[in-house]
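These notes concern the structure reproduced below.
The numbers here are math on the coordinates, done by the rules we state, and not lab data. Fair warning: this is a prediction, and the values are worked out from it, not measured in the lab. No Cβ is skipped: glycine too gets one built from the backbone with ideal geometry, and neighbour counts run over all protein chains shown.
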Amino acid sequence: MQMRRLRQALVAVIVPAALVGLTVGPAEAAAKAPKLPTPAKVAAAYPHLAGVTPVVVSGAAKPGNCTPAALVKGAKSSAAVYSASAPAAATPSVTVAAIRFKSATKAKAYLKKAAAFIACESQALGFTFSSTAFKFKLKGTDQRVGLTTTQSISGISIAGQTLLARKGEKVVSVTAVSGNATAPAVEPAQGLLKVAVKAAR
């Protein structure tokens, strides 16, 4: 039971870090932040999350430990964290996030370095991090990055899938994190990402 709780706690730390090196500032800018899929749309991709109330943050994007301030200056971001009661490969915890940059050029530069930002942020939290990049298609987007990740600490390994897509000045991501070393399937994340890209307006 203690080990299970430790795994859940680690997932709870990792999932919000799916903002890829960003933090969210005061919510006065929330009205201009990009929109996210409804909980019902998230549950359509991940049925085990039906009825889960997400933790939602929305506002001005702030640089985290690893993201240059100049890159995110003026950006607005939103994120919703859906925490599974027993995160596993088949029932992962999920974060949906969207960032609207000041320009498509900044969004492109951010996504180009997203893998490095994720690794840096994880290592700053004390995790040993490794990732494998993969390609995927998503109609109507300009740029995509897929990562299968493994993060380890104190002898515990946690695996995840992070899919990011850029459309113009917006970068949208879906991260699914298991409570063990078996990564969740890519397909549900890809389906939810398609919905999230449409929602981020």
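Among 49-56, 84-91, how do they line up by average Cβ neighbours within 10 Å per residue, starting with the highest? Please report the intermediate quantities before stating the final value.
On the way: 49-56: 14.0, 84-91: 17.2.
Output ranking for 49-56, 84-91: 84-91, 49-56.
Relative contact order, percent, of the stretch 140-201 when contacts are C-alpha pairs under 8 Å separated by at least 6 residues?
On the way: 118 pairs, mean separation 18.4, N = 62.
RCO, the stretch 140-201: 30 percent.
Normalising by the residue count of the stretch 72-201, find the relative contact order in percent from Cα pairs under 8 Å and 6+ residues apart. Mind dumping the intermediate values first?
Working: 293 pairs, mean separation 34.9, N = 130.
Over the stretch 72-201, the number comes to 27 percent.
What are the lysines whose alpha-carbon lies under 22 Å from the alpha-carbon of K102, with same-chain residues fewer than 8 places away excluded?
Of all the lysines, those that pass the test against K102 - Cα under 22 Å, at least 8 places apart if same chain - are K32, K35, K62, K73, K76, K112, K113, K167, K170, K198.
Between A104 and S154, what is the label-to-label distance in nm when each label sits 7 Å out along the Cα-to-Cβ direction?
Between A104 and S154, the label points sit 4.7 nm apart.
Using a Förster distance of 35 Å, how high is the FRET efficiency between A44 and T182, based on the Cβ-Cβ distance and rounded to 0.05?
Details: r = 23 Å, r/R0 = 0.66.
Efficiency, from the Cβ-Cβ distance: 0.90.
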